[in-house]
Amino acid sequence: MKYIMFVALAVATSFCSLASAQDAPNRDSIRVAVQEICPVSGKSLGSMGKPIKAIVGEAKEEVFLCCKGCLRRKINAQHWATMRANIKKAQGICPVMKDELPEDAKSTIVEGQIVYVCCPPCTKKIAANAPAFLASIDELYLTSLKARETQR
């Protein structure tokens, strides 16, 4: 079971604020919108106030929780899987090869963020130029979020 290790900061975000913001959204607000749910409670991020950024596990993955109360609780495996599926779906393609992610996509943690790739060699390429790849993943997320909004 993964445990929450450290709170980095609280962020006020929701996709509604993303859509109405005139400035480009920051990485945390994009990630909150993509993650959608709290890996502890399963509640929608933003439904309990400002989401809380936390560091989880040995890989030091940054995730968002719905509230401070979730800092003291264990991560729910089902909610964790749903959160990861949300992120993978929003990313959609391998940022290196530009191909659709396979069902068995590999993942790596880059600067605290989970990144999905088509194959293990792509993880090395991402590590060599993390800022550029994370920026391209932000663009993939934004495209996915915009598509989701137009479907509503």
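Within region 51-136, considering only strands (runs of 3 or more DSSP E) that don't extend past its boundaries, which have at least 1 residues that are touching a residue at least 60 places away in the same chain (Cβ under 8 Å) and in contact with a strand residue (DSSP E or B) (Cβ under 6 Å, 6 or more places away or on another chain)?
61-65
Taking region 127-152, which residues are open to solvent by less than 90 Å² (accessible area, probe 1.4 Å), modelled with pLDDT of 95 or more and among the acidic types (D, E)?
D138, the sole residue that qualifies.
Can you spot a residue in region 71-80 that is within 15 Å of the chain's Cα centre (by Cα), open to solvent by less than 20 Å² (accessible area, probe 1.4 Å) and aromatic (F, W, Y)? Let's see the steps before the verdict.
Within region 71-80, the first condition is being within 15 Å of the chain's Cα centre (by Cα), and the residues that meet it are 79-80.
Adding the requirement that they be open to solvent by less than 20 Å² (accessible area, probe 1.4 Å) leaves none.
For region 71-80, residues within 15 Å of the chain's Cα centre (by Cα), open to solvent by less than 20 Å² (accessible area, probe 1.4 Å) and aromatic (F, W, Y): absent.
What number of residues in region 2-44 are hydrophobic (A, V, I, L, M, F, W, C), open to solvent by 20 Å² or more (accessible area, probe 1.4 Å) and modelled with pLDDT of 50 or more?
So the count comes out to 3.
For region 85-103, does any single residue satisfy the condition of being open to solvent by 50 Å² or more (accessible area, probe 1.4 Å), of a type in the set (D, E) and under 15 Å from R27 (Cβ atoms)?
Checked against the condition, which is being open to solvent by 50 Å² or more (accessible area, probe 1.4 Å), of a type in the set (D, E) and under 15 Å from R27 (Cβ atoms), region 85-103 yields no hits at all.
The values are calculated or read from the model by the stated rules, or taken from the named source; none is laboratory data. Note that the structure is a prediction, hence the values are computed from the model and not measured. So basically every Cβ, Gly included, is an ideal-geometry build from the backbone, and we count neighbours across all protein chains shown. Protein only, heavy atoms only, side chains kept; ligands, DNA and RNA dropped before computing areas. Shrake-Rupley method; radii C 1.70, N 1.55, O 1.52, S 1.80 Å.
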